[in-house]
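Only one structure is covered here, and it is reproduced in the block below.
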Amino acid sequence: MQPIRILVGMFGVDQHEVGALAVSSALSDAGMEVVYVGRFQTPERIVSTVQDEDVDVIGISCHSWEYIEYTPELLRLLAENDLTTPVVLGGSVITAADTSDMIGQGVAGVFGPSTPMELIIDDITALAAGRNLRE
Amino acid sequence: MTTDWLQEALFEPGGKAAVPPRRLWGRILSIAEADAAALPRLLEWAQERVRCALLIGVTGAPGAGKSTLIGKLARQMDSSGHRVGVLAIDPSSDRTGGAVLGDRLRMEAGGGDDIFFRSMATRGGRGGLARATVICAQVLAGFGLDRIIIETTGTGQTDTAIAAVSDPVLLVTEPGQGDEIQAMKAGVMERADVIVVNKADLPSTDHFCAALDLAMSARASEVPQILRTTSTSGEGIAELAGWIARRPVGPRSGFTSLSPEAATDYLTELFRVRLRDGFDRTSDDAGSDPFDIVALTTRIDAVIDSRVIGRLTDLDLLEKEVT
């Protein structure tokens, strides 16, 4: 059983890093390898990192509105590069309306505030397994 | 399934070893990391592909600035026409198997980003390297990269495995790390080819370098070069790259020109990785013998002096006893 590899980062100038760091350390405690890329990420950078690092899941921490602009672009670039890597979003600013919009566009999971860590771990584990099944 | 995919990625229909598209490199490294059954095919491919690549080992205490230095050095080499890859190793938790791999944070974005960068967790590897570091470096060389920078976990004293697989070995330190220097003396300090005094903008740099110089000159063995850098500003990076470029290619550089001594080190590492994979496999792998070192040896035999192989055959017994 190989460890699940997950990228964790933030789009644009979203400066709120505490949540991403806390989740990263919880995922690591759950036995995953977290490729922590931190702030100032663009869809282009994430796609090139996903290729080099061969992660199973992409996790974006969202504590500013920028994800609404960047996420569709990320999904488009992933498809353009034949990448099926699932994208999950997590954070305080994601509204219910935006959640269904994002899921509609192809995001694999959205974790709003107060989501239990066990649920996040279970969902990411299932997504990583699904990716392996698809291949 | 993996092997079919790998066969298609690495070999042309006629069986000739080919360079796969860049977007597949990461996936292929994952296979090298995880799938012991794929190793013979990868080695067969690498044997045909690999010409000569410099494996640059970077070690030093945590916080000395290894990652930032590597970011700058990789960019410098990239801009002077080299094809650069980085393997950055961080420790896996021995409790959970998980890891936070944060070395990318220090690689600045920008430019064409031709630099290949892979974060690796040690996954049980010893001596500051990941279990699959050697294999992955060889695979990267097979992709045509000619400068492969390996960043160890940075535990200092025990990071000596890097000296067996890379040349040159850079030990990154900073002014004020006197105590750590003492601690490292018997370990990687004596295997370093160059000591990089990073954060050289600190006022205590002159004093530190003088002390280092004195400590080094008292040694009987080869005295390493001491160079100063300030990674954050890029000061001294060009000089470091120049030193690496001018340095005569040593016995540990490249894969086709190994001296018997270097080959022993290299093969030891290779055998160790293979053996560890074997130990970890469970009995559900019926049909393949995880301890089939002979098959592996046969493949490497063509490039390495067979006398070295002869000396290494006892290793598997040794490993069995140790493990």
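Just to be sure before I move on: is B:Ala200 among the small types (Gly, Ala, Ser), part of a loop (DSSP other than H, G, I, E, B) and surrounded by 12 or more Cβ atoms within 10 Å (Cβ to Cβ) in the structure I sent?
When the stated conditions are applied, B:Ala200 passes them.
Of all residues in region B:89-107, how many are within 16 Å of A:Glu53 (Cα to Cα) and of a type in the set (Asp, Glu)?
2
Select from region A:28-48 the residues that are under 18 Å from A:Pro86 (Cα atoms) and more than 7 Å from every other protein chain (Cβ to nearest Cβ) and list them in ascending order.
Those that are under 18 Å from A:Pro86 (Cα atoms) and more than 7 Å from every other protein chain (Cβ to nearest Cβ): A:Gln41, A:Thr42, A:Pro43, A:Glu44, A:Ile46, A:Val47.
Consider B:Thr59 carefully, then state whether it is within 14 Å of another protein chain (Cβ to nearest Cβ) and among the polar types (S, T, N, Q).
no
Could you run through region B:1-34 and say how many residues are aromatic (Phe, Trp, Tyr) and surrounded by fewer than 16 Cβ atoms within 10 Å (Cβ to Cβ)?
1
If the Cβ limit is 8 Å and pairs must be 6+ apart or interchain, which residue in region A:82-106 that is without any contact (Cβ under 8 Å) to a residue 60 or more places away in the chain and closer than 21 Å to A:Val55 by Cβ pairs with which residue that is in a helix (DSSP H, G or I) and polar (S, T, N, Q)?
Here the result reads A:Leu83/A:Gln51; A:Val87/A:Thr71; A:Leu89/A:Thr71; A:Met102/A:Thr71; A:Gln105/A:Thr71, each pair linking region A:82-106 to a residue that is in a helix (DSSP H, G or I) and polar (S, T, N, Q).
Show the residue pairs that are 6+ apart or on different chains and have beta-carbon atoms under 6 Å apart, the first residue being within region B:10-36 and within 14 Å of chain A (Cβ to nearest Cβ) and touching a residue at least 40 places away in the same chain (Cβ under 8 Å), the second being surrounded by 15 or more Cβ atoms within 10 Å (Cβ to Cβ) and among the basic types (Lys, Arg).
That search, which allows pairs on different chains as well, returns B:Leu29/B:Arg118.
B:Leu140 versus (1) open to solvent by less than 40 Å² (accessible area, probe 1.4 Å); (2) part of a loop (DSSP other than H, G, I, E, B); (3) modelled with pLDDT of 85 or more: which is the lone unmet condition?
Answer for B:Leu140: the failing condition is (2).
Open to solvent by 10 Å² or more (accessible area, probe 1.4 Å), more than 30 Å from A:Ile121 (Cα to Cα), within 13 Å of chain A (Cβ to nearest Cβ) and not basic (Lys, Arg): which single residue out of B:Asp78, B:Asp114 fits that description? Full working, then the answer.
Numbers: B:Asp78 fails: within 13 Å of chain A (Cβ to nearest Cβ).
Answer to the check: B:Asp114.
So, in region B:35-44, exactly how many residues are part of a helix (DSSP H, G or I) and either surrounded by fewer than 18 Cβ atoms within 10 Å (Cβ to Cβ) or acidic (Asp, Glu) (or both)?
Qualifying residue count, region B:35-44: 3.
Would you pick out the residues in region A:51-76 that are surrounded by fewer than 22 Cβ atoms within 10 Å (Cβ to Cβ) and away from every other protein chain (no Cβ under 14 Å)?
Across region A:51-76, the qualifying residues are A:His63, A:Ser64, A:Trp65, A:Glu66, A:Ile68, A:Glu69, A:Tyr70, A:Pro72, A:Glu73, A:Leu75, A:Arg76.
For the subset of region A:1-27 comprising residues that are open to solvent by 10 Å² or more (accessible area, probe 1.4 Å) and among the polar types (S, T, N, Q), which member is nearest to the other protein chains (Cβ to nearest Cβ)?
Out of the qualifying residues, it is A:Gln2.
For A:Ala79, indicate whether it is more than 10 Å from chain B (Cβ to nearest Cβ), under 30 Å from B:Leu87 (Cβ atoms) and either open to solvent by 60 Å² or more (accessible area, probe 1.4 Å) or in contact (Cβ under 8 Å) with a residue 40 or more places away in the chain (or both).
yes
Does B:Leu170 qualify as being more than 11 Å from chain A (Cβ to nearest Cβ) and closer than 25 Å to A:Asp29 by Cβ?
Details: more than 11 Å from chain A (Cβ to nearest Cβ): yes; closer than 25 Å to A:Asp29 by Cβ: no.
Answer is no for this residue.
Determine, yes or no, whether B:Ala64 is open to solvent by less than 50 Å² (accessible area, probe 1.4 Å), in a loop (DSSP other than H, G, I, E, B), modelled with pLDDT under 90 and closer than 24 Å to B:Thr153 by Cα.
Against the criterion (open to solvent by less than 50 Å² (accessible area, probe 1.4 Å), in a loop (DSSP other than H, G, I, E, B), modelled with pLDDT under 90 and closer than 24 Å to B:Thr153 by Cα), B:Ala64 qualifies.
The values are calculated or read from the model by the stated rules, or taken from the named source; none is laboratory data. As the structure is a prediction and not an experimental result, all values here were calculated from the model. No Cβ is skipped: glycine too gets one built from the backbone with ideal geometry, and neighbour counts run over all protein chains shown. Side chains included, ligands, DNA and RNA excluded: accessible areas come from the protein's heavy atoms. Shrake-Rupley method; radii C 1.70, N 1.55, O 1.52, S 1.80 Å.
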